[in-house]
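Everything below concerns the one structure shown next.
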Ligand SMILES: Cc1cc2nc3c(=O)[nH]c(=O)nc-3n(C[C@H](O)[C@H](O)[C@H](O)COP(=O)(O)OP(=O)(O)OC[C@H]3O[C@@H](n4cnc5c(N)ncnc54)[C@H](O)[C@@H]3O)c2cc1C
């Protein structure tokens with residue numbers, strides 16, 4: 001690239017453009033799914049969970065397994081997986097927050113190690129669960145290759161490797177340029193690290209499989225059922241929905257970026273709009289050109305990273321980079337952005353010049369729930385029996401299963417090693433107040449992106465922007 005070794009050129013060769021989808025993602029287009037009926041009439045439950053994504057469904061399943069006598073219900077505004085859970089890249093990683101180095105800096109060595117080990121265990125549990133429950137979620141364990149495309153990214157790879165060594169973790173392996181290129185023939189890669197624990201999944205198949213596993217346990221799942229109001233009534237909590245109501249002893253808010261409608265949470269959360277493109281199916285000859293025989297997920301080390309992976313039906317999913325930050329809840333108009341799709345196509349072609357003849361067939365976007373620290377949070381709303389669980393900042397596929405166990409322990413009043421993790425104990429950091437919030441978030445994103453595109457984010461302005469987001 002002119003003037004930089006780290007990103008694609010600003011001018012572009014563009015293909016035909018992606019095909020419009022009738023659902024929010026390619027994954028959610030899969031046939032054979034029918035939503036559960038909406039809630040009608042007035043009902044009661046012990047635990048009512050608002051939100052039918054990974055967080056809500058894992059939480060419901062974990063509570064029901066631990067306390068089968070409790071009546072657990074899930075209320076989902078659209079259908080299971082409509083939010084980020086049915087639209088993501090399907091990387092289930094050990095990563096909590098931004099990266100291992102950053103995690104150590106924020107929570108200290110002991111807690112970072114505990115979190116990492118809990119995530120290793122949780123990923124193995126996801127595999128076991130899918131096997132036991134016969135969930136066909138295209139699950140594989142090819143590991144995660146993290147690569148550098150420039151000097152600044154080299155430093156970040158080294159920082160992660162140093163953090164892993166300090167924590168005594170043996171599951172990160174340094175890879176030289178040639179070793180990376182043996183794994184996937186992306187010509188511009190300079191070095192990387194490999195972690196074997198990471199899974200790849202079809203996220204919509206997984207979240208829909210979780211819904212079915214919940215139903216098998218007697219959990220009531222109501223789709224097309226937005227919670228429109230939540231109020232205390234006597235000793236109980238009452239959730240109002242368009243066609244009925246649910247009274248419950250405890251409520252869990254598992255609505256991710258949509259939780260910004262809750263006044264008590266608004267000042268801690270922002271929405272990150274994340275985007276993905278998907279190529280047509282590769283021919284055997286095209287797969288030979290890229291190598292990639294082990295078909296692992298790949299991420300680069302920009303501050304706003306690119307990620308790519310093969311899909312079970314022989315395509316390449318390519319996403320990341322442009323990620324506008326919004327001060328407010330998700331705006332469905334942001335789910336499609338042709339300029340961003342175009343830039344993703346450019347960076348795809350820059351990374352895989354040998355696949356210049358490959359068409360981009362699909363593209364979509366979805367809302368990520370950002371917090372200042374990027375570390376997810378489970379906590380009680382003040383003086384209430386309302387728990388909230390959210391804020392994965394784009395890394396929730398694996399961690400939501402850990403969060404489900406934390407929600408279980410907190411709802412059942414158990415003190416466990418999970419309830420001592422920073423996901424529970426670390427307070428949320430407030431964002432700058434009202435009118436300043438939007439402009440500061442936008443400015444931070446632009447600075448980081450420009451730094452990524454030019455030299456890799458080491459200058460003073462980008463350090464300042466990163467600070468705002470920490
Ligand atoms: C494009 C993209 C790529 C991503 N890639 C990855 C990745 O590869 N790996 C990774 O780890 N993470 C990734 N993520 C992030 C990951 O998808 C999320 O962290 C995770 O899915 C969060 O799950 P959740 O259940 O908390 O939220 P969601 O899946 O967003 O679920 C929240 C649900 O709440 C429902 N809801 C909202 N309001 C109401 C209401 N009032 N009443 C009832 N229901 C309501 C919504 O309809 C939604 O279904 C990506 C995200 C996006 C958008």
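Are any residues in region 170-189 surrounded by 15 or more Cβ atoms within 10 Å (Cβ to Cβ), over 22 Å from the mean Cα position of the chain (by Cα) and touching a residue at least 60 places away in the same chain (Cβ under 8 Å), and if so, which ones?
181, 183, 184, 185, 186, 188
Select from region 44-80 the residues that are in a helix (DSSP H, G or I) and surrounded by fewer than 24 Cβ atoms within 10 Å (Cβ to Cβ) and write down the one among them that is nearest to the ligand (Cβ to nearest atom).
By that ranking, first place goes to 62.
Any residue that is more than 6 Å from the ligand (Cβ to nearest atom), over 19 Å from the mean Cα position of the chain (by Cα) and either within 24 Å of residue 228 (Cα to Cα) or in a helix (DSSP H, G or I) (or both) - is there at least one of those in region 81-97?
no
For residue 157, work out the one condition from (1) within 16 Å of the ligand (Cβ to nearest atom); (2) touching a strand residue (DSSP E or B) at 6+ places or on another chain (Cβ under 7 Å); (3) in contact (Cβ under 8 Å) with a residue 60 or more places away in the chain it doesn't fulfil.
Unmet for residue 157, out of (1) within 16 Å of the ligand (Cβ to nearest atom); (2) touching a strand residue (DSSP E or B) at 6+ places or on another chain (Cβ under 7 Å); (3) in contact (Cβ under 8 Å) with a residue 60 or more places away in the chain: (1).
Might you let me know whether region 342-354 holds any residue that is modelled with pLDDT of 95 or more, under 28 Å from residue 290 (Cβ atoms) and within 12 Å of the ligand (Cβ to nearest atom)?
Yes, the conditions are met somewhere in region 342-354.
So which pairs qualify, if the first residue must be in region 267-287 and under 19 Å from residue 308 (Cα atoms) and without any contact (Cβ under 8 Å) to a residue 60 or more places away in the chain, the second must be near the ligand (Cβ under 10 Å from one of its atoms) and part of a loop (DSSP other than H, G, I, E, B), the Cβ gap must be under 8 Å, and the two must be at least 6 apart or on different chains?
Pairs that qualify, where the first residue is under 19 Å from residue 308 (Cα atoms) and without any contact (Cβ under 8 Å) to a residue 60 or more places away in the chain and the partner is near the ligand (Cβ under 10 Å from one of its atoms) and part of a loop (DSSP other than H, G, I, E, B): there are none.
Go through (1) within 16 Å of the ligand (Cβ to nearest atom); (2) touching a strand residue (DSSP E or B) at 6+ places or on another chain (Cβ under 8 Å); (3) in a helix (DSSP H, G or I) for residue 365 and report which single condition fails.
(3)
Within region 129-166, take every residue that is more than 30 Å from residue 217 (Cα to Cα) and within 19 Å of the chain's Cα centre (by Cα) and give me the one that is surrounded by the most Cβ atoms within 10 Å (Cβ to Cβ).
Among those residues, the one meeting the criterion is 146.
The values are calculated or read from the model by the stated rules, or taken from the named source; none is laboratory data. A quick note: this is a predicted structure, and the numbers were derived from the prediction, not measured. In this analysis, Cβ positions are derived from the backbone assuming ideal geometry, glycine residues included, and neighbour counts consider all displayed protein chains.
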